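J.: First, the structure itself, so that you have it in front of you.
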Amino acid sequence: MGELHNDMRWWFSASEHQVQIVVLAKFDYTRRAIVLEKWEEESWNTRPGATTTRHAAALRPVLRQHITITQNTNPVSYNVTRGALVLGFRLLFLRDPGPGEGDFVLSVQELEEYAENVWNAL
């Protein structure tokens, strides 16, 4: 995961912090698992009481979700830990949602189907 974490930090930095959400996916064949991590940037101030703008504030990546999908082999089934993956609309499109728009939610069932597709591709 170390190299993926470096990639995540690169995306935030190289985009000059226009990228606001990064999803990492790691396939672990030996553990029969897929690990998903959702990272967002959060501003934090080094001087208590000071007011800052987003550009003046220090930014750091924060892990918001960690989901593991494991494959059971007999019978074949999938176990998703920690529920659905939620991708905030505002972080993806850099604007508030309009009518009929909202966060993207990949349900547990959809994550199980994703894992099944990954395993079937091997």
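J.: Within region 65-76, which residues are part of a strand (DSSP E or B) and modelled with pLDDT under 95?
T.: Matches in region 65-76: ASN72, THR73, VAL76.
J.: Can you tell me which residue is nearest to ILE21 (Cα to Cα) among those in region 57-89 that are surrounded by fewer than 16 Cβ atoms within 10 Å (Cβ to Cβ) and of a type in the set (S, T, N, Q)?
T.: THR81
J.: So which residues in region 87-121 are within 20 Å of THR70 (Cα to Cα) and part of a strand (DSSP E or B), if there are any at all?
T.: Hits for region 87-121 are VAL105, LEU106.
The values are calculated or read from the model by the stated rules, or taken from the named source; none is laboratory data. Computed from a prediction, not measured in an experiment: that's the story for all the values here. Using ideal geometry, Cβ is built from the backbone for each residue, glycine included, and neighbour counts are taken over all protein chains shown.
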